[in-house]
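Quick notes on the structure that follows.
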Amino acid sequence: MAGSSADRRLNVFGSTLRRDAWWVELLPVIVILSSFGIYATFRAFEGKFYAWGPYLSPFYSPLIDPEHRWWRFSPALLILAGPLGFRATCYYYRKAYYRAFFLHPPACGVSEGGRGAYRGETRFPFILQNLHRWFLYLALVFLAFLWWDAIRAFFFQDGFGIGVGSLVLLANIVLLTLYTFSCHSLRHLAGGKLDCFSCTQFGPSRHSAWGWLSRLNERHMLFAWMSLFSVGLADLYVRMVSSGVLKDIRLL
Ligand code: FES
């Protein structure tokens, strides 16, 4: 009987045997993801101040129909689904927002109360999280455009040069590349579904690719946060320069 009453107590939302402040790590996730979501939504709909000189905001790349010939709304809305879908279905972010926003569960070893049978991601809408692999393919295409933008940011009207914006866009694409290449799906693509690396034709090259990607994958959470900050700050920088709030400093 004593055991069953303890079980009942542990089935109350938030009950746990943990003694640490497990809820502390939820707060930054809520604050950062909410702030980014609000800012990114505002910028996606704003439809202006996205380019200056050789700089193009990552929120608007690739830039489609900027003259509004056939699309009258913000050009960012045409491409938003790609990067948004990639981040929203990311394995790391899933863990972060399931805990912070859905409290499902709030943390490891912390009860979410009686919520009925756990179905994981086997039913709509969460089954759509399985699209992550496809969003990864899309993200690789976006990455190519963003690398092109970052290189172009070094070519001003008077030729090659380096502005603060060039470095901001370069740092951003490096972090986005690290985030994308540390993706769990990409690692699985390189090394998954194989019992023996040396038994197949491309096994050895797949093994080294898998090894490199695994090293990056260990830091996927770090790259997820750093690239979230960098993409937001890169857009903010271009917006401030483009709207005249800030003057870009030419270093070379
Ligand atoms: Fe995070 Fe793929 S798992 S981007």
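The single residue among GLY211, GLY244, GLY163, GLY203 that is of a type in the set (Gly, Ala, Ser), more than 16 Å from the ligand (Cβ to nearest atom) and touching a Lys or Arg at 6+ places or on another chain (Cβ under 7 Å) turns out to be GLY163. Scanning region 63-84 for residues that are buried (at least 18 other Cβ atoms within 10 Å of the Cβ) and within 16 Å of the ligand (Cβ to nearest atom) yields a single hit, PRO83. For region 218-238, filtering for residues that are surrounded by fewer than 20 Cβ atoms within 10 Å (Cβ to Cβ) and either farther than 19 Å from PRO83 by Cα or over 15 Å from the mean Cα position of the chain (by Cα) (or both) leaves 3. Filtered by the rule that a residue be part of a helix (DSSP H, G or I), surrounded by 14 or more Cβ atoms within 10 Å (Cβ to Cβ) and hydrophobic (A, V, I, L, M, F, W, C), region 177-213 gives LEU178, PHE181, LEU186, LEU189, ALA190, PHE197, ALA209, TRP210, LEU213. As a summary of the residue check, TYR93 satisfies the conditions (1) of a type in the set (Ser, Thr, Tyr); (2) modelled with pLDDT under 95; (3) outside any loop (DSSP other than H, G, I, E, B) except for the one numbered (2).
Restricting ALA117, ALA209, ALA139 to those that are more than 21 Å from the chain's Cα centre (by Cα) and either closer than 21 Å to ILE249 by Cβ or at pLDDT 95 or above (or both) reduces the list to ALA209. Annotation: of all residues in region 86-137 being out of contact with any helix residue (DSSP H, G or I) (no Cβ under 7 Å at 6 or more places or on another chain) and of a type in the set (S, T, N, Q), the one that is farthest from the ligand (Cβ to nearest atom) is THR122.
Each row is one residue, and each column tells you yes or no for (1) part of a helix (DSSP H, G or I); (2) without any contact (Cβ under 8 Å) to a residue 60 or more places away in the chain; (3) hydroxyl-bearing (Ser, Thr, Tyr); (4) more than 30 Å from LEU167 (Cα to Cα).
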{"site": "SER74", "(1), (2), (3), (4)": "no, yes, yes, no"}
{"site": "LEU77", "(1), (2), (3), (4)": "yes, yes, no, no"}
{"site": "ARG99", "(1), (2), (3), (4)": "yes, no, no, yes"}
{"site": "GLU121", "(1), (2), (3), (4)": "no, yes, no, yes"}
{"site": "PHE124", "(1), (2), (3), (4)": "no, yes, no, yes"}
{"site": "ILE127", "(1), (2), (3), (4)": "yes, yes, no, yes"}
{"site": "ASN130", "(1), (2), (3), (4)": "yes, yes, no, yes"}
{"site": "LEU146", "(1), (2), (3), (4)": "yes, no, no, no"}
{"site": "ALA150", "(1), (2), (3), (4)": "yes, yes, no, no"}
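The combined condition, being touching a residue at least 60 places away in the same chain (Cβ under 8 Å), farther than 30 Å from VAL12 by Cβ, assigned to a helix (DSSP H, G or I) and away from the ligand (no atom under 16 Å from the Cβ), is not fulfilled by PHE45.
The values are calculated or read from the model by the stated rules, or taken from the named source; none is laboratory data. What you see is a predicted model, and the numbers here were worked out from it, not measured in a lab. A quick note on method: Cβ atoms are made from the backbone with ideal geometry, for glycine too, and the neighbour counts reach across all protein chains shown.
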